[in-house]
Amino acid sequence: MTPMHPSRFDLNLVKVFLAIWDTRSLTDAGLRLGLTQPAVSHALRRLREQLSDPLFQRVGNQMEPTETATNLRVPFETALSLLEQTLQGAQVFDPAQSTRGFKIAMTDSGEFFAMPRILALLEAEAPNATLSSVRLDPAETEIALRSGQADLAIGYLPQLEASRCHGRLLLRDRMICLMREGHPARAGDWTTEAFARLAFVDVSRAATGYQMARGLIEEAGLGIVTRARLEHFTIVPEVVLQTNYVAIFPHSIFTRLAGRGGFHARDLPFDLPSYEIKLWAHDSFAADPALGWLGDRIVTALREPA
C-alpha cells in the first residue's frame, strides 16, 4: 500500500469500503448506501488508485478482501465512528419536534411483545417520528446495527455478547405450553409422556429463544410431533384458540394474551433454561442523542419490575 496525505482522502470512500466489506457485493453495497452499482465501482476504483491495492477481488459471487483491506477495516470503522459520534454529540434532540425515522430489528414475536408500547410512547412524546420494524437473520444483526440498516434490536441475541454491541436487559423469559382454556390436557397428569402425545403447531421463522427451546427438547429425545408448521408467529394463538393444537410459547407473550380470555398455560413438565430479552445497540452510535432517548424510553416501557 502506498502512503498518501490525509488531505487527499475522501471520507465518503470509507463508507463505500465498509459497505463492500459487510455485503461482499458491489450491488448490495450500493443498495445500502443509496448508490448505483456503477457509482460504487467508481468509488472502489478511486480507493484502489489512492491506496495502490486491489482491496477487494471477485472470488465466485463475492468480493473478497485482500490483506491490505483486512488491515484497514478496523481503523476505517473506528475513524468513521469517532467522526459520527463527534457530529452527533453536537446535536440536541427534541422528541416533540423530531421527524426522525427509527428502525428496530425484531421478530414477529418481538413485534407482538414490544411494538404496542413503543408506538404508544412515540405517539405521546415524539408524534412526528416514524418507526419501522426490520426483519433480519440473527446472524446479520451485528452488521445491520453497525451499518445503520437497523438502529436498535430487541430479542434473545446471545451472539452479540462478544461483539461491539451493548445490550440492556428488558426481561427474563421462559417457555410454557400454550393451549385453549377447554383443552383436554388442561387438567390431569402432566408428564413428559403426556406432553409428547399432544399435537404441536410450530413456526418456521421462529425467534432465537424458541429455536433454543426446540433444540433442547429435540436433544432430550422427547419425540414430540409437529402437526402444523406455520410461517408467522402471530397466527399461532388463533390456531391454538380454535383447535386442540398446542404450542411451545413465550411466557411474556402469554401474559399479553391472558387478558383476552380463552387461553391456558401449563408449565413444561421438564426443566428448560430461561433466556434474556435485551435491547441492543452498536457502540458506534453511542453518542447519537436520538437513539439514546429512544433506548432509554424503550427500557422504561418494556423492562420488567425488579
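So what's the net charge close to Ile104: Lys and Arg +1, Asp and Glu -1, counting the other residues with Cβ under 13 Å from its Cβ? It would help to have the intermediate numbers written out before the result.
Values: positive: Arg100, Lys103, Arg117, Arg135, Lys278, Arg297; negative: Glu111, Asp151.
Spelling it out: positives minus negatives among the neighbours equals +4.
Loop-only check: which trypsin sites (Lys or Arg not before Pro) in the range 260-306 are DSSP coil with at most 15 other Cβ within 10 angstrom?
Details: sites: Arg260, Arg266, Lys278, Arg297, Arg303; in loops: Arg260, Arg303.
Those satisfying the criteria are Arg260, Arg303.
Using 0.36 nm times the number of residues separating Val74 and Met115, minus their current alpha carbon distance, what extension gain do you get? Mind showing how you got there, number by number?
Values: separation 41, 0.36 × 41 = 14.76 nm, distance 3.45 nm.
The Val74-Met115 span can extend by a further 11.3 nm.
Which value in deg cm²/dmol, rounded to the nearest 500, describes the helix-derived mean residue ellipticity at 222 nm for the chain, given -39,500 (n - 2.57) per DSSP H run of n ≥ 4 and division by the residue count?
Values: 11 runs with 130 residues, N = 306.
Taken over the chain, the calculation gives -13000 deg cm²/dmol.
What's the longest bit of the chain with no exposed GluC sites (Glu not before Pro), using DSSP loop states and at most 12 other Cβ atoms within 10 Å as the test?
Of all site-free stretches, the longest is 1-160.
Please give, to one decimal in nm, the separation of the simple spin-label points placed at Thr255 and Trp190, each 7 Å out from Cα toward the Cβ.
1.8 nm
Any chance you could get the radius of gyration and Dmax over the Cα atoms of the range 175-273, in Å?
Values for the range 175-273 (Cα only, Rg and Dmax): 12.4, 34 Å.
Where a number appears in this text, it was derived from the coordinates with a stated rule and is not lab data. Here the structure is a predicted model, which is why all the values come from computation and not from measurement. So basically every Cβ, Gly included, is an ideal-geometry build from the backbone, and we count neighbours across all protein chains shown.
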